[in-house]
Structures are given as C-alpha cells and as structure tokens.
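Everything below concerns the one structure shown next.
What follows draws every value from the coordinates through simple rules; no lab data is involved. Values in this document were obtained by computation on a predicted structure and should not be read as measured data. Ideal geometry is used to build each Cβ from the backbone, glycine not excepted, and the neighbour counts take in all protein chains shown.
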Amino acid sequence: KIKACLFDLDGVIVDTAKYHYIAWRELAKELGFDFTEKDNERLKGVSRMTSLEILLEIGGVTLTDEEKLRLADKKNENYRTFILKMKPDEILPGAKSFLKELKAKDIKIALGSASKNAMTILERLELTNLFEAIIDGTKVSEAKPNPEVFLKGAEALNVQPEECVVFEDAEAGVEAALAGNMRCVGIGSASVLGKAHMVVDGLHQMDYNKLISLEKE
Ligand code: G6P
Ligand code: MG
C-alpha cells in the first residue's frame, strides 16, 4: 500500500536548471571556454562538485582541489542571486495542487534532493510546510543513484521503502528509487526515464488515482 511520496526538487517542483546553467556558463566563460545548453543536461541531478568536474572535463581544464572548491563556491554565490529572487509563481504547473491533494488523502510527503540550497528554494516558493521531512544535500553523504536520500526520507516519515513513490526527472534519481526498492514516476521523457514505473510530462498529469494505480497487487 502506498503511504508516502518522495519528491526530487530541481526539475520536478521547480525549474532551477536554467539558473544553474547561467551560473555554470559564466564560470566556463571566465575559464575561457563555451558551455552549451546540451552540456547542461549532463548536470541534472548531479552534485555541485561532480557538476564542476564535468564542466572542467568539457573545457579540458585541470585544477587543484583548492581551486575547485573556490570555483564551486563562486558558482554557488552567483546561483544564489537567482534563487533568492524566486517567487511562488515559479512552481511548476500542477505541483502545488498535487501536494495538497496528497495531504488531503493522508499520503505523507518528503523532499529528496541533492541540493544544498533546497531549504532556500522551498522557502522562496512558500512550500516548506507541505513537507513532513526534508532530506537535502546537507543531510546525505552518497549521491544518487545511491538510494540514501530516499531511504532517509522513508525513515523520517516512518514508512517502508515499498510504501513509497518517488518523483524524479533525472536518470540517476530513477535508479536511486529503484535501488531503494521504491516505486518511481519519471518526470520528463520516457526515452531517458524508461526504467521508471510510469513516466509523465509533469506533476500536472498526476492525481491520487494515478498514484494508487502504482500499488503492487
Ligand atoms: C540538483 C540539481 C543539480 C545540482 C544539485 C546540487 O540535483 O539537479 O543540477 O547540481 O542539485 O545543487 P546545489 O544547490 O547544492 O548546488
Ligand atoms: Mg532533479
């Protein structure tokens, strides 16, 4: 029986990828190379430091660990100037009404995000109090596809993994859900998220009945 929903943040509840892209592109520019929107796809669901590693690999740049930390901080400072300006109208279509429907049906709700900025974003979107548990990049040591972030969410909600449905837009996130023995709804394209139990374009296509159809017999 499904008792809880665990939500990824970036790409599921809000589109922060565009702000990440601007900040990474500026950093690449300073380092003297181009960073395209297609390159940006590779950073979805990936931690900040791993994103930097990928960026440097694209630019063919080698740096010391100290330099890498400095640049990751710099990118984050820049990224934060964008998210600090976010407003509730940036919540993706259908997300808030689905969260509210789940609440009304007594389905527990948690966040499972790799981002260390998740609290700031939820506050800006005025969504914080819809979540009973918030597991973000400050609380996990293993990145997706490791299931840690979702297993911690299930534990915080006091439910079993088999009773959880994860909503994810990144392939690594879908893999994390499956590795954690959870049901998973992919948000985006079936060609990328084909391993999920169901794929939809966005949360506007979800409702309680569709959720319950994911229950195993
Ligand atoms: C999410 C995003 C990634 C981002 C990561 C870390 O998973 O999809 O693009 O790199 O969070 O975000 P942070 O806010 O901690 O830099
Ligand atoms: Mg995501």
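Here is a yes/no grid of residues against (1) within 9 Å of ligand 1 (Cβ to nearest atom); (2) surrounded by 22 or more Cβ atoms within 10 Å (Cβ to Cβ); (3) touching a residue at least 40 places away in the same chain (Cβ under 8 Å); (4) of a type outside the set (A, V, I, L, M):
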position: 1; (1), (2), (3), (4): no, no, yes, yes
position: 5; (1), (2), (3), (4): no, yes, yes, yes
position: 9; (1), (2), (3), (4): yes, yes, yes, no
position: 17; (1), (2), (3), (4): yes, no, no, no
position: 26; (1), (2), (3), (4): no, no, yes, yes
position: 36; (1), (2), (3), (4): no, no, no, yes
position: 39; (1), (2), (3), (4): no, no, no, yes
position: 42; (1), (2), (3), (4): no, no, no, yes
position: 45; (1), (2), (3), (4): yes, yes, yes, yes
task: Test residue 149 against the stated conditions and say whether it is under 16 Å from the mean Cα position of the chain (by Cα), touching a residue at least 60 places away in the same chain (Cβ under 8 Å) and within 20 Å of residue 133 (Cα to Cα).
output: no
Criterion violated by residue 104 - all others in (1) over 23 Å from residue 24 (Cβ atoms); (2) buried (at least 17 other Cβ atoms within 10 Å of the Cβ); (3) among the aliphatic types (A, V, I, L, M) satisfied: (2)
Criterion: touching a strand residue (DSSP E or B) at 6+ places or on another chain (Cβ under 7 Å) and under 30 Å from residue 157 (Cβ atoms) - qualifying residue of 6, 43: 6
task: Report yes if some residue within the stretch 205-212 is closer than 18 Å to residue 15 by Cβ and part of a helix (DSSP H, G or I); otherwise report no.
output: yes
field: Test for residue 168: is it farther than 22 Å from residue 94 by Cβ, in contact (Cβ under 8 Å) with a residue 60 or more places away in the chain and touching a strand residue (DSSP E or B) at 6+ places or on another chain (Cβ under 8 Å)
entry: no
- prompt: Looking only at the stretch 1-47, which residues are β-branched (Val, Ile, Thr) and in a loop (DSSP other than H, G, I, E, B)?
  reply: 2, 12, 13, 16, 36, 46
query: Hey, residue 77 hits all of (1) under 18 Å from the mean Cα position of the chain (by Cα); (2) away from ligand 2 (no atom under 14 Å from the Cβ); (3) farther than 24 Å from residue 182 by Cα but one; which does it fall short on?
result: (1)
message: For the stretch 55-67: of the residues being part of a helix (DSSP H, G or I) and exposed (fewer than 15 other Cβ atoms within 10 Å of the Cβ), which is farthest from ligand 2 (Cβ to nearest atom)?
response: 66
